[in-house]
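Each value in this text was obtained by applying a stated rule to the coordinates, not by laboratory testing. Quantities reported herein were computed from a predicted structural model and do not represent experimental measurements. Counting neighbours? That spans all protein chains shown, and the Cβs are built from the backbone with ideal geometry, glycine included.
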Amino acid sequence: MRGVFMMVAAGAAALAAVPVSADEWSDQVQSLIEAAAETYLKNGYHYGGYSHEGSLKDGGSEQLTIRIGAGMETQLIGACDTDCSDFDLTLYDSSGRQVASDLELDDFPIVSISPRKDGVYTIMVQMIDCETDPCRYAIQQFVK
């Protein structure tokens, strides 16, 4: 299933316009998330309660907090602007144990989890390669 979403991401990235103002960076990452959403929605997912947009410099990172409910298949997808070529997500449970990650050399990470109990998780966001600082990114949760 990841292959389907990667094809969507690649197609959306190819269609992304070069921004001409600061707001266009946000529009760009949101367009990538929306393009991926079409595939997720067709495959029985719906929007989860978590969405985040931010920006990081090359090599930068930040931690975000998310609550994930038990028994739901959760997909966290990320997208970054065209100045970004490598963007990673790692998910940690409340005890600090890594439970999922996407550290591939790409700019569209997907992290999956189906927890057995409700919990608070930490998302480690890493901007591995950003050509022009800062790079804008977005993360969206999908569940089914």
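Taking each residue of region 72-86 that is in contact (Cβ under 8 Å) with a residue 24 or more places away in the chain and looking for partners that are in a strand (DSSP E or B) and charged (D, E, K, R) with beta-carbon atoms closer than 7 Å, six or more apart or interchain, yields 80/136; 81/136; 84/129; 85/129; 86/129. In region 19-60, what residues are out of contact with any Asp or Glu (no Cβ under 9 Å at 6 or more places or on another chain), in a strand (DSSP E or B) and under 15 Å from residue 135 (Cα atoms)? The answer is 52, 53. Reported count of residues in region 84-105, each being surrounded by fewer than 19 Cβ atoms within 10 Å (Cβ to Cβ) and of a type outside the set (Gly, Ala, Ser), is 9. In the set (1) over 17 Å from residue 32 (Cβ atoms); (2) part of a strand (DSSP E or B), residue 105 fails one condition alone, (2). Criterion applied to 128, 123, 113 was being under 13 Å from the mean Cα position of the chain (by Cα) and among the β-branched types (Val, Ile, Thr), and the one residue passing it is 123.
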